[in-house]
Structure formats: C-alpha cells, structure tokens
Amino acid sequence: MLTACGQAGGAAPVITGAPALVSDDPQECVHAHHIGRQTVRLPAPDGGWSGFPQAVVVLNALSGEVDIRHGRRDRCGSPADARTLDSRFRAGVGTVMVPRQGDTAPIEIEYDPHPLPLWRPIVQFGEPTPVQRADIGRFAIRIASLAVVLTLVISALLNFIATRERAFLTYAGTVTVFATWLALLSGMWAWPRPWLPVADIAVEAMVGMGLALAGMTALALVRQSWLRRRWPALERGMRWAARALVLAGLCAPLLAPAGLAAMSVATEVGFYLMALVFAGVAVAAMVQRRSGGAPLLAGVLPFLAVGTLEAFAPDTLALWKVEAFMLSGGWLALTCSMVLTLRLGMLRQQRDEMTRLAQTDALTGLPNRRAALAQLGCSIAMARASGAPLTVAFLDLDHFKRINDVHGHDYGDQVLQHVAQALRGAFRTADHVARMGGEEFLVILPGADADDARLRIDTLRALLANTGTALGKPGMQVTLSAGISALHADDGGADALLQRADAAMYAAKHAGRDRTQFEDRRTEQVE
C-alpha cells in the first residue's frame, strides 16, 4: 500500500468545502439613500480615458450605501456588510472600471451625507495594482491593531484569574470597549459579515463609545500618574466624570445629526487636550524624578502627533487617520498594560517584603516564632506523606541573663547574633532554624533522627566555644541546653512534638545545663 501511495505522487491533498447552492453576495444595489446624498465626479483626462482599468475605492464612508458608476456600470456596497463589497478591496468600498478609450464621461461616486466633520471620506483611484496594494496595507494594519488589542484583553483576563487583582479586570473592561470602538471605526465589525448588532446605529454607537472611552482613558491615566498619590480626591472626581461620560455616550443614538457631529468633535478635541495635559504631567514627573513619567509620556505621544497633524496638516492626516488612531490607541493600551503589570509587580514585592519582615527576627535575621510554627506544620505534613523521620530540637542559651547583667544588653545582642551565625553553619541547608524568643531557638530537621540532631548540636557547641574571644571578651563561655524530640505516628500535630522537645530541654537545664536531653530521658553531658 505504501508503494502504491508513493507511485500516486505522494500525500493526497486535503479538500474541504461544498458546492455553492446559494449566493452570499448581494449583487443588486439597494439604493436606500438619505436626503442630501453627496456626489463626487472623477473627470476623464484630456483626450478621454485611456481604455485601461481604473481602480476606485472609497474609504471612511461610515454609513449608508456607496455607489460607483460609469455609464451603465454601477457598483455599490455598504461598509455595514462586507458581503456587499468587491472582494478585491477590503478597507473600503471599491471596484475596477474599464472606460472605453476616448470616453469622456466621468466616474461618479455617491455616498450618504457624512455625519462626522473630522472624519472625512477618502477617494483613491488610479492604476489597480498600487491602489489595491494600499488597500491591502490598510486592511493589514487594521487587522493587526485589533488583534494586538484583543490579545491585551485576553492577557489581562488571564492575569486577573491568576492574581485576583481587580485592576486587571478593570483594564480588560476598558480595553474591550476600546477594541469595540476600533472595530466600529475601521469597519472590522462588518467582516466577514456583521457580528455586532448595530447596523442602523453604527455611527451613533461609535461616537457614544468614543465619549465613554475618553472618560475611561482619562481615569486610567490619572491612576497611572503621580497625581493619584498627590491628590486622592482627583481620582474620585475622575471616576464620577467617567461615569457621567459613559451615560452621555449612551444617549448618542437619541441625538440629531448636528448634535452627533458636535459630540464627535468635542470628544476628539477633548482627547487631544487630554493627551497634552498628561504629557505635561509626565514631563513634570520626569523633571521631579518621580516614577512613571517616561511610560506615561510614551503612551500619549502618538496621540499628540495625531492632534498636531489634525491642527496643521488635516489633509495629510485624513489619508491615514483611521490607521493612525488604531496604532496610537494600541500603543497606549500596551503601555498602560506594561505600567499596570510593573506596578502590581512592585506591590507584590512590597507585600512579600512585608510578609518576610513579619516572619523574620529583626536582631538575628532568623525566622521568628510565627514562621517557625508555619514551617513546622508543613514539615509534619511532608513527613507523614513521605514516611521520612522528622526531628526537632529546642535550644536555650545557659545563663544568658548573667551575660546581659555583666556585659550589657548590647553585648548580649552581639552574642545572639553570633549564635545565629553559628546555627546557620552547624545545620544543613535542608534544616530550618528559628529564634522563638529571648535566648530560645528551634531547629527543625526533616529526614533526620535524634542521633543526627545530636551530632549537629555537637557541631554547634564547637562553633560557640570561641564566642568570648570572637566578641572581645576572652574567658566568657557561651553554652546551651538542648531538648530533642522526634515525630510520632500518634502525634495530633505540632503542639505535642514541641511540648516534648521543650520538656526535654528543661530536663537538660535541671540536669546541670550544657547538655542534650532526648525525649526518652537519655541525657548526654558535655565534658
């Protein structure tokens, strides 16, 4: 069989699909036009058309039907449904006309009145290849920008699931609104067929969502900047302002065309001013050496560039304004995500550091009683699960009060620090050493029996023999009494184990100090 397959020419192709039984491509123009429909005529060159194909594409026609006509040829399409578009064009409504050589009739374009003054329609025509390449480039930028933003949403949701930090959920909600707005602005909501139920109010939804997004973005930038710490009331005010703008945005479908146009202009101009203000906030932070200034400035700079072009070179900006907004918005969302992740990372580091400090003895640097008891619980659970032995040792310095009385408390602190250092050197890295309070220490020895613990304590005594010399008090002796206990199968928990070790340690004290006492009353005296 393998030979036959090889003779047949290799692996068979994968064939998918089925014969078309119905058409998914509306071929007839609807001609449901609004009053005041606008017409653009592309005149023939001197001497008439050349007879070669002429590509025509209309961009940023946000609503209604676009008609492209020459003679009897009439091609129409709607940005609200990608199925009505010529498959050779994706970013706008386009077609390719072939006027007869010498024909002087213009190519006519009709579209509904444009509702947004700052988002002007764009008509491109000429040789099909460069026009189609530019159209494909626009479409690729729009797809890539939307994909990046949606990826940030998914990343924020995963971070929320992992950390339960509400900031990630708030960010995901804001960026989801932004992604929807980008889809409305670019027409991606209609690809490959309409997937948002806004066919009749797409422009109104875009304007209202843009207003809400401006408020949400301002709130996010306040939280990102040092203004939040300097004036806490500002964040509360911005929160209420953002809510008000969201409610105002929901009213956009109720506005007359003039009111909708005014809302659109006010939102866009306000967004540019907001970018300018926060650029100033970022520069002030950088001058004052505050944190967060550089990321904030980097996030708003693209919008400042767009606003500058809108003010001084609107015709230049109009050709690529949709793409400029999508790239700038994606960059701002990315920088906000980075700042949020870094800030929460710093908060987690601070929280971990506070936890470490709460579980660390400030004088010796050893874990304190709280950390020791938590570790003992974990060690008991692991010993029972694995069947390995577990031993604990209570250590108490002998006559430590006398050291404090004779040499002073500062010297006593030095002795404790020296003992802590000796403990680290005497026991294994797998062992856990902690200061329980005063001059008492606890050692947890996973996988060790009582004899192993005794040997380690002997090593510790040898290290402590030169304490007086090391601390400038020759002749001063530091000794310790130790009690050792092993985990029993019938131990209810850590309390019984600790009580036996503590009792053994006191037995060593009563037996004369400077010795090790086992829980079975076996005593080893140090000569």
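Before moving on, here are some points about what is shown:
- Model label points for residue 74 and residue 399, set 7 angstrom from Cα along the Cα-to-Cβ axis, are 11.5 nm apart.
- Centre-to-centre separation between the Cα atoms of segment 383-398 and those of segment 155-176: 43 Å.
- Taking 7 Å steps out from each Cα toward its Cβ at residue 158 and residue 176 produces label points 1.8 nm apart.
- Accessible area of residue 76 (1.4 Å probe, protein heavy atoms only, ligands and nucleic acids ignored): about 20 Å².
- At q = 0.13, 0.16, 0.18, 0.19 Å⁻¹ the log10 of I(q)/I(0) for segment 108-187 amounts to -0.61, -0.77, -0.86, -0.91, computed by Debye summation with a single uniform scatterer per C-alpha, solvent ignored.
- A simple spin-label model places pseudo-atoms 7 Å from Cα toward Cβ; at residue 165 and residue 341 they are separated by 1.1 nm.
- Backbone N within segment 371-395 under 20 Å of label point (7 Å from residue 496 Cα along the Cβ vector): 373-394
- Our estimate of slack between residue 269 and residue 373, defined as 0.36 nm per intervening residue step minus the Cα-Cα distance, is 31.3 nm.
- Using C-alpha pairs under 8 Å with a sequence gap of at least 6, the mean separation divided by the residue count of segment 63-165 gives a relative contact order of 24 percent.
- At R0 = 30 Å, FRET efficiency that the Cβ-Cβ distance of residue 488 and residue 430 yields, to 0.05: 0.90
- Adding -39500 (n - 2.57) for every DSSP H run of four residues or longer, then dividing by how many residues the chain holds, sets the calculated 222 nm ellipticity at -18000 deg cm²/dmol.
- Partner lysines whose Cα lies under 29 Å from the Cα of residue 473, excluding those fewer than 8 positions away in the same chain, are identified as 401, 509.
- As a length-normalised measure over Cα pairs under 8 Å and 6 or more apart, the relative contact order of the chain settles at 9 percent.
- Length-normalised contact order of segment 389-455 in % [C-alpha pairs under 8 Å, at least 6 apart]: 52
- The structure-derived value of Rg and Dmax of the Cα atoms in Å appears in the list [x] 38.5, 122; [y] 24.7, 88; [z] 25.6, 82 under the label [x].
- Tilt relative to the chain, helix 257-287 - C-alpha long axis, 0 to 90 degrees, to 10: 40
- At R0 = 30 Å, FRET efficiency that the Cβ-Cβ distance of residue 239 and residue 288 yields, to 0.05: 0.75
The values are calculated or read from the model by the stated rules, or taken from the named source; none is laboratory data. These numbers come from a predicted model, not from an experiment. Using ideal geometry, Cβ is built from the backbone for each residue, glycine included, and neighbour counts are taken over all protein chains shown. Surface accessibility is based on the protein's heavy atoms, side chains included, excluding ligands, DNA and RNA. Shrake-Rupley method; radii C 1.70, N 1.55, O 1.52, S 1.80 Å.
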